[in-house]
1. Which three semi-axes in whole Å describe the equivalent ellipsoid of the stretch A:715-840, each the square root of 5 times a Cα gyration tensor eigenvalue, listed largest first?
2. Any idea which of B:V366, B:G166, B:Y69 is furthest toward the positive side of the dipole for chain B, if Lys and Arg beta-carbons carry +1 and Asp and Glu beta-carbons -1?
3. Can you compute 3J(HN,Hα) from phi for each residue in the stretch A:526-535, using the Karplus curve 6.51 cos²θ - 1.76 cosθ + 1.60 with θ = phi - 60°, rounded to whole Hz and x for Gly and Pro?
4. Per residue of B:26-38, count partner chain C-beta atoms within 10 Å of its C-beta, then hand back the mean as an integer.
5. Just to confirm a number: summing +1 for Lys and Arg and -1 for Asp and Glu over residues other than B:T157 whose beta-carbon lies under 11 angstrom from that of B:T157, what do you get?
6. Too long at a 23 Å Cα-Cα cut-off: which of B:K65/B:K471; A:K124/A:K597; B:K263/B:K316; A:K351/A:K562?
7. Taking the Cα atoms of the stretch B:76-180, what is the range of coordinates along each of the three principal axes, in descending order and whole Å?
8. Compute log10 of I(q)/I(0) for the protein assembly as shown with the Debye formula, placing one identical point scatterer on every Cα and leaving out solvent, at q = 0.04, 0.07, 0.08 Å⁻¹, to two decimals.
Amino acid sequence: MKRLLLLMLLASGLLQAYAQKQLTKGKVLDETGQPLPGATVRVKGTNISSPTNAQGEFQIATGETASPVLVISYIGYLTQEVAVTGSDLSITLKTDARSLNDIVVVGYGTQKKSDVTGATSSVKAVEIAKRPLVRVEQALQGTTSGVTVQSNSGQPGRGISVRIRGASSITGGNDPLYVIDGYIGGNLESIAPSDIESMEILKDASATAIYGSRGSNGVVMVTTKTGKSGKPRVDASAWISKASLPKKLNLMNAYEFAQQVNKKGDVAGTGHPFTDAQLAELQKNPGGTDWQDELTRKPLTQNYQIGVSGGSENVKYYFSYNHLDQPGLLINSGYKRNTLRANVDIKLNRKMDLKVNITGLLPESHNTDFSGDIVDPFSQSSMWDPTSPVRNAAGDYISQSNFASLAKNPVQNIMSRSVDGKTSNLTATGVFTYRIIDHLTFTSNNSYELQHQQTQSVFPPGTNEAFNGNDYAKMENNRYRSWQNSNFLTYNNRFGDHSLTVTALVEQASKTNTSTIAQANQLSTYSLGYWNLGLGKTQSTSSGYWADALISYMGRVNYAFKDKYLLTVSVRTDGSSHLVEKYSTFPAVALGWAVDKEGFMAGSKVVTGLKIRASYGQTGNQAVPAYSTIAQIGTALPYYFDGSTSSVNTPLGTPVSTMLQWEKNTTYDVGLDMEFWRGRLTFTADAYNKKVSDLLYATDNPFYYGGGSFQRNIGSVRNTGLEFSVGGMPVVGKDFKWTSNFNISFNRNEVLDLGGQDNIIVNGIGSAQQGVSIIKVGEPLGTFYGYKYLGTWKSEEKTEAALYGKKPGDTKYADLDGDHKLSGGDLTTIGNGMPKYYFGFINDFSYKNWSLNVMFQGTHGNQMYSFTQAYTMGGLGDARDATNAQLLDMWTPEKQTDVPTYGNQNEIKSSRYVYDASYIKLKNISLTYTIPESLLGRIHARSLDVYISAQNIWTITNYPGYDPEVTNATNAITQGLETGTIPNPKTYTIGLRLGL
Amino acid sequence: MNKKYFLPLAIAAMIGVSSCVKLTEDPRATLTPGNYFNTQSELDGAVTSAFRALAVDGAWGFTSKMTSYFGSDDLTTHPASNKADSREFDRLQGTTTNASMRSEWEGPWNTIYQANNVITNFEKVAATTNEAIQQRTYSGGQAYFLRGLCYFYLVRTFGALPIVTGPADITVTPAREEPAKVYELIIADLKKAAEMLPDKWTGVNVGRPGALAARAVLANVYLTMAGWPLNQNSNYALAATEAKAVMDAGKYDLMADYLDVFKTNNNIESVFGLQYNVGGQLPNRSFGATCIPDDEGGWDDFFPEINYFKDAPVCKRTDQTFHTQIKSNKIGVVRWDDPRTATHHPYYNKFRYGAGDGIVETPTQVVSFNASTNKTTDIVRFAETLLTYAEASAMAANTVSDDAYEALNRVRRRAGLPNIVKGLTAVAFRDSVVNERKYEFAGEFGQRWFDIVRLQLLPKVIARRDPNEFKDLPLNPAAVANPGPKYIAPIPFRDLNLSPGWTQNPTY
């Protein structure tokens, strides 16, 4: 039936063409002379139009018009009008430097960039191709305003934290919501960066409110590539990159260390652990073991990608395969990933389209599970005794040393352990589009994700985990299933000066997770690693299950009057299984004024684009995990009433709050988009005020009520900020071009209210014994809390020092409460991890076939509290022997430095370990040579680029640690804390891109 | 035609699908209080959780359980190294943020939280037969025992306490009640436990507290109440009665050899002990490495003060208690006061062994040692009950009975000491008992410190401290001038901060 209809239509079209037989033929080319398939050719003043074919050719009936004019348009190119002067035209389209005409993805639809009223930015495939990226998030770093990207670990395969307009939640993640081809919350790891067509970053609540309870942290919409009709195109790329530690910490050598240990013994009265003979021996060969060298290496990363795309008018395809092999900076660690993608677009008929995207992801990781802890091998490599060799004469590891760190030998630790993760992930998205009648379209977007994750681990004796006879092997299996069904109707029409788009959505999603864990302790032999849990002296198993569901309704109206006055209104209602009050509503409204379209601007040659935007919107943060409002009885390890027979243990969990609501984020935004000289210079500015109320926080519960913590809505936080982005083409010559983009973002964060409390003191991270973070009303999130270190007591301050029981050379802290001792009243805010501003500066220079990309990125005004520095300087008191070379500059009566002498309380919670972590980094520099076409013919290639590049090779900073960019930024509170996190490596890359 | 049908169909589909997911939560793999406490075995799981909560590392599984008791003369620690937390209290300069001290607070409170769960719910378990009712009662009795025991340690350590006896109401901060009120609850709980429990457990249940264990603790409670801060002398008689009842039951006796008490589990002398199992991730870290000196490669967490050791009576027990020949890794075997040792102090011998899994050594060398052992920590052993009886009965009657002499002499004879000569006044006899306790329980969990507290002995202890005892680390001068406030520890900062309206104990 449908086919018949189609035939009839086709026939009638042919007949029409036959009737007006005046045909014009031609070819549309781009500036380089390549044919442009898919460009639209329209006869001016009529509805007659035709697309160009794969060779860029077209044929069009110009009808009875006396002197017909053709209008040729193509996305990304300037629209051209050409008078028909012959019958065989050749038209060259010029690239449109103006980005305002781009079509952007806005969620449940697309919009012309000029009609967008919210604060958004985009990153295109072209930008992504400039750097050797392994994770999608890296493409956001430095490229867009309002976005900070920080890796909280330099370990391969690990996620990267992305913050859009600062941090707003203190409990939930602050990572933005990732929407992959319409699938909300998709797995970002499943996207190979080269598969990305574009990424849109939705920043203000008017843009993100359509995602309701999940939009609070901003939204990143990832659109993957689709094929273009025409001959099959093969795109292959390969790069190899050599990584190394960006720098080494300045530590003492073995001889210096031994001298310091003896010096400390003098002060404590515990004698000289190193004898004079040992010292003399060390003096001859002072180096000792360099644990930083022992633990790290310079690994080669390899990445290969091949993509095949093409198609006919009705079926377009894009297939790709990506292989990444990334050994870790630390020995015995690494990550491998295979990704397969198939994107197929089918035009079912005149009215119906079907799009199917399928991705298979198979990552494997080995020992990349370090979360940044003071006992991790990497932290330990700066804290271990340099006088101890790695192994003894017999070749066995020296597990522990009498000096410095109490933890296990870091080399033995990482070489003995295995934590192997293997994941299989399959994500499929199907989008069905039906143009029901003119102007009305129905879309059904369906995604299904299935993931199986298996983690096998073994911690034999000699690893930190095996402490206390707790050596074990473990196998965890996890099955995760998620699906989403979004159905929406879009009505789009124009009535004279009024244009209107209405979207109505019903969406539902659900997730289920089941897991089993089997663990065996004290294996009789570790020769089989984790493969036989039956060898354990004791075995334990557990299993888990959780499921959740979300039902949503959304309506949106986009209205424009004369394309000048723009209005967007949306409302979303989300019903979630997590909360007691299931439903919440999130409204948004935004206005835009395209000033450039006003009559008074029409003639301007200078200002060619000007738009003013203003918006208001509300979003939520679903930070609470499933079952947070249900009191639980858990299962825990058994007790043994006779010392050997185990009894099942079912403890009552901590109390729960039954009043939980979503965090609500209310944002006001005003923005300005300007364009000068037809895109030679662009400028975007936004100012925002984002207030998060009903903050969710896992409040500590006093131990007399069972300890632990429970979720509560406790207060509010505000982010205010300014963002600027300037883009331009300072030089556009025939051979030489320079394009440049600079963006800078200022964000101020303030805690407004904590439900009546003035502050909340936050526990330490991992095994760090003391926390140094506080959430305090009036201060930003990420504030450090401790004693203010004033240096040492100097000789002339002897009398005053005595009042504190101190002597010259001892530590001196600010005595805020004037009680002449170090007490709770002296604790104060001592720094903050949140940058005042951050920026990115990208420059592309091209000369003939050469192009050079230089990208700088940096932050200013943020501080870092470094546990690594604190522990290498002796840690708690002088609990451990210091390894940091700064100790060599210790106070003496002759040289009164601020490095305190041994034997006095060296507080770990102190500003002594707070450093300025502002930095400017040369994030990327790459030089590409495009092989001239004249040479390509011989190898039958379409294009070939070869490039060399380097990442993170140059940093300006005052920070003494490894990398000012890397912190334990797992949440907003602990941002700016560093507890042995592995830095971003310095890398040198060589690669090629080949098109066939 | 398509047009006509598709539109309504599409809209119907859009709305229709909504019924596919449900917003009600169903935590299939998680137990909730709503569906629990139906059977005895469910109740057993809840009782077990209270014991584990008390036994673990971070509660009473490690030396940190005595952090605030380091002001005592039987405990001191390494002058440098990572012992700052114990060092603070050793110098009578404890702080509210002391991380190790939290074990003393968290462990008992976690146990009370689980015990309250049992006490609130145990009668919900369906029981129709007498045997089933008895099982249920035993479960409740154990919870009362643990709750009473935990409050007893908490009140002696921290002073005034919130009294929580039911489910937590997180919207209200309970006030700190004076010790007298807390003792009322302790007595009530232990009496209930004594009524509900069998005398003594055996076999796989040997580690559960019986009625006699409840009465032995109650004896100690009354004895303590007779001293500071309540100073209620009338309690001596009650203490004597409870202790006598335990002695007369004939279920406990002293081990023949003193050292065997610290090398074996659940022996005849053990009235109530916490059980450990390294393989089950429940190690006891109060034996083994923790007491082994730095010079021998150990952790060097605690050892006695010099004059405490010098004042010890010459006897077999003293020889078994202390480790005086240090088997240094570097310089061979040297006497404890050799200036080449790290601390120039004697160490504890009796805690080195664990249940045979603590240390492997030759007369000249330490071969290996464990930080984690399977040794039971005896919370109450029969020697304590004997000495409680001796002291309490004498003080109650203001004269010393033969029974009282015999109770003390049983302990002395086992120690290798002669019988005490009769004819002492009650007070002089009390002092002899206290001196006996000082060495019988050397280094044991809180024993000496609580004697110092109830009898207000700090000035004497301070006066007797060797001036060479880590002379660079003097006692806190303010505490030396006014030791009164140091008998109780500060409320840990975390919970003080979470409890609006509470005030910190003086001087902290």
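1. Value: 44, 23, 12 Å, ordered largest first.
2. Farthest towards the positive pole: B:G166.
3. Per-residue couplings from phi come out as 9, 5, 9, x, 9, 7, 9, 6, x, 7 Hz.
4. 5
5. Around B:T157, the charge tally is +1.
6. B:K65/B:K471; A:K124/A:K597; A:K351/A:K562
7. Each principal axis gives a Cα extent; for the stretch B:76-180 these are 61, 30, 24 Å.
8. -0.32, -0.87, -1.08
None of the figures in this text is laboratory data; all of them are computed from the coordinates on show. A quick note: this is a predicted structure, and the numbers were derived from the prediction, not measured. No Cβ is skipped: glycine too gets one built from the backbone with ideal geometry, and neighbour counts run over all protein chains shown.
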